[in-house]
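The numbers here are math on the coordinates, done by the rules we state, and not lab data. All figures in this text were calculated on a predicted structure; none of them were measured in a lab. A quick note on method: Cβ atoms are made from the backbone with ideal geometry, for glycine too, and the neighbour counts reach across all protein chains shown.
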Amino acid sequence: MRLRNTRHFWRECQLVAASSLAIALLTFATYKLHLDATTVVLFYVLVVVLQSLAGGYVASVIVAVVAAAFLDFFFLPPLFSFRIDDPRNVVSWLVFLVIGLVITRLVTRVRVEERSARLHGTEAEHLYEIAMRLLLLTPDQVGGSPALRVIRDVLGSAAVCLFDASTIECSMDGISQYDLAERTRQAYIFGKDANDAACGVFVRCLRIGNTITGAIGVEGLADAETISPAFPVLVATALERAHTFRRASHETAAVQAEVFRTAILDALAHEFKTPLATILAVVGGLRESQRLGPEEVEMAGIIDSEASRLGHLTTRLLRMAQLDREEVKPRLRNTNITALVERVVHRYTAQFPDRRIAVNCLGPTSQAPADRELLDLAVTQLLDNAFKYSVPGSAVTVGIGAEEESITVRVQNEGGSIAPQERDRIFERFYRGSHVRRLVSGAGLGLYVARKIAVAHGGNLDLDKSASPGAVVLCLTLPALHSNGIHSVAANQ
C-alpha cells in the first residue's frame, strides 16, 4: 500500500509539472501575439480541464491556482505584478479562479465515479463467472482444488487458499511465495481480514450469519479493491451448500444401511430361533437324565442360561425389526406395571452385575391395560439406553408413579447430556446425537420403537427437560386401568 501511494504521489507531481509547463508555454505564446485576457482564460480553462481528467483533485487545484497566478501577473494591469488596480479585473480573476476550482471538482468527481462504476462492473462480472462455474462443479469439488482453480483463473491471481473450519483443512491451488496457507489459517483463528498490498496477499473470513465458517486467501493481486465485498459471501454460500449436500448424502446412506442391517438382523434372528430351541431342548434332556456329575450339571446350567439369554435377544431383535416396519397393534390385558418393571430390572441386574440400578415405587401397586411383551420391550429399551449413555459406575434409577389418570415409569441416568437442539429429535427414526454417535454404537431405533409402543397404548414417551444438569430422564406414560377410554379398549380385546 505504501509503494502504491508513493507511485501515485510521483505521478501527480509529474502531471502538475507538465500542466504548469503547458500554462507557461501558452502564456509566452499569447503574450507575444498580444491576445487579450479573455482569450487567454479560455486556454487556461482548457489546461485545467485536461489536468482534472488525468490527475487527482489536489493536483488539479494546484494547476488552477498556477493558471490564476499567470493570468494576474502577465495579463491584468498593472502587468508583471500580483496587484490588481481595477475592481472589475479583480472580479474577473476571482470568477476565473472559482470556475477553475469548480470544473476541477466536478471533473474529478465524475472520473472517480466512472472508475468506481467500472470497478463494480468488473467485480460483478467476476462474481457472476465464479458463481456460474462453481454451480457446474459437483458438491464434493467445491471445497477442493477444482473450485480454487476457478477462482484463481477468474481473478488472475498466483495462488488461492481455502481454510474450511468444519474439516480443519487447508486447500491450495497455485504456488504461494508468501506463506498464504498460514496467513489464511491465522485470519480464521483471529476472525479478522488481512491485507498485505506489498506482497499482494489479501485474506477474507467466510461468514454464515454471525458464524465464521472458514477463510479464503488470494495472492498475486495488485489491489484489495479487486476483491468484492460479496466475494467471501459467495464462497461461504458455496461451501455451506457443499456441506449440506454431504450431510444429506451421509444421512441417506446411513438410513439405507440401517434398513439393510435391520433386514439382515431379522433374517438372522429367524435362523437363530430353531438351533436355540434345539439346544435348550437337548440341555433340558441332559439335565433330566440324571446321568451328569456335579460339574457337568453346572456347565449344563450355564449353557441353558446363556442359550435362554440369546433366545431373548433374538426375540427382541425380531420384535424391533417388526415394529420398525409395521404399525404397533398391542394385545391389551390387565397388567401389574410395577411387577413387569421389576422383572425387567432383575433381568438387567443379572446381566450387568457391575452396574447399579434402583427401583422406586412412589405409590401402590399400579395396574394398567398393556401388551406385556411390548411393554417389556419398551422398558428394556429405556434401560438399555440409560446404560449406554451413562458414566460407568453411575446409578440408574427407575421410578414408578401412579396418578388418577395415568401411570408413569421414569428412567434416570447420571453423567449423560442431550444438547438443547437435539432434545426434540432423539425419538426420530435412525436419529442419534452428534456427540454420542462417536462414542457408542447403535441404530437410532430404540427410543423410536419405545415411543411407538407407548403411543399404541394410548400414552407417550417424553424427555423430562426440567431434569437437573448432567441427568437424563425419560418418562413413559400409560393410561391407568380406570381410565374409561382405555378400559373399554381392554375389554374388547
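Values for this structure:
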{"item": "Distance in nm between pseudo-label sites at Arg425 and Ala18 (7 Å out along the Cβ direction from Cα)", "result": "6.4"}
{"item": "Nearest-0.05 FRET efficiency for Val90 and Ala253, computed from C-beta distance (R0 60 Å)", "result": "0.10"}
{"item": "Residues Met299, Met132, Met172, sorted so that the one with the fewest Cβ neighbours within 10 Å comes first", "result": "Met132, Met299, Met172"}
{"item": "Leu71, Leu276 arranged by Cβ crowding within 10 Å, fewest neighbours leading", "result": "Leu276, Leu71"}
{"item": "Highest-first arrangement of 94-104, 72-82, where packing means the average Cβ count within 10 Å", "result": "94-104, 72-82"}
{"item": "Placed amide H near Leu206: partners under 5 Å, 5+ positions off or other chain", "result": "Thr213, Gly214, Ala215, Ile216"}
{"item": "For the range 139-227, radius of gyration divided by Kirkwood radius, i.e. Rg to Rh on alpha-carbons", "result": "0.93"}
{"item": "Cα point-scatterer Debye curve for the range 2-122, base-10 log of I(q)/I(0) at q = 0.19 Å⁻¹", "result": "-0.99"}
{"item": "Peptide ranges 13-23, 119-129 listed from the most packed, as the mean C-beta count within 10 angstrom indicates", "result": "13-23, 119-129"}
{"item": "Protection proxy ranking, peptides 239-251, 397-409, average beta carbon neighbours within 10 Å, highest first", "result": "397-409, 239-251"}
{"item": "Thr252, Thr27 arranged by Cβ crowding within 10 Å, fewest neighbours leading", "result": "Thr252, Thr27"}
